[in-house]
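Here is the structure we will look at, set down as structure tokens.
The values are calculated or read from the model by the stated rules, or taken from the named source; none is laboratory data. Bear in mind the structure is a predicted one, so any value in this text is a computation, not a measurement. Here the Cβ positions follow ideal geometry from the backbone for every residue, glycine too, while neighbour counts run over all protein chains shown.
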Amino acid sequence: MEESESLYPCGGIDRDRKLSSIVRRQKMASLDEATITFYHMKKCPYSGPIKLLLAHLNFKYTDVPIRYSEWLLIREELIVSRVPALRIQHHNGKLEWMTEANAIMRCLGEQYNLLGRTDMDKFYCDRIIGKVSNRKI
């Protein structure tokens, strides 16, 4: 077990990078009928922007804040061993996991046309995502 995995669950090296990039490239099924669970560390600054985006999209989801003292136990239950993470259970039985805060915001933003149409719009959206991610909400 690497130190970054156990001590810093919402930062450090992502051993599930391939999963994140695959989810970003695939066109996701509609989330309107999916059961969404949002796992995050209780005081993690990266979870706030995702909650704002989920609220903006009017998604119903289960919020699972994790205390630092609970992380080692809960980490074993999570397939991705990484937070913040969205667990998406589709009505057809398909299960998807999304990790990495910026990747989650960009993936949902792309799917729901929130990232702009022109290159400059996309540039400004990336700047906003970067600024929001660096602030504690």
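Structure summary
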quantity: Candidate set from region 84-137 (those that are on the phi < 0 side of the Ramachandran plot and acidic (D, E)); member that is surrounded by the fewest Cβ atoms within 10 Å (Cβ to Cβ); calculated: D119
quantity: Yes/no for A55 being within 25 Å of S30 (Cα to Cα), surrounded by 16 or more Cβ atoms within 10 Å (Cβ to Cβ) and of a type in the set (A, V, I, L, M, F, W, C); calculated: no
quantity: Filtered residues of region 53-82 (kept if of a type in the set (A, V, I, L, M, F, W, C) and at pLDDT 90 or above); calculated: L53, L54, A55, L57, F59, V64, I66
quantity: Where R67 falls short, out of the listed (1) surrounded by fewer than 19 Cβ atoms within 10 Å (Cβ to Cβ); (2) touching a helix residue (DSSP H, G or I) at 6+ places or on another chain (Cβ under 6 Å); (3) without any contact (Cβ under 8 Å) to a residue 40 or more places away in the chain; (4) at negative phi; calculated: (2)
quantity: Count - residues of region 80-115 that are of a type in the set (A, V, I, L, M), over 13 Å from H40 (Cβ atoms), without any contact (Cβ under 8 Å) to a residue 60 or more places away in the chain and assigned to a strand (DSSP E or B); calculated: 1
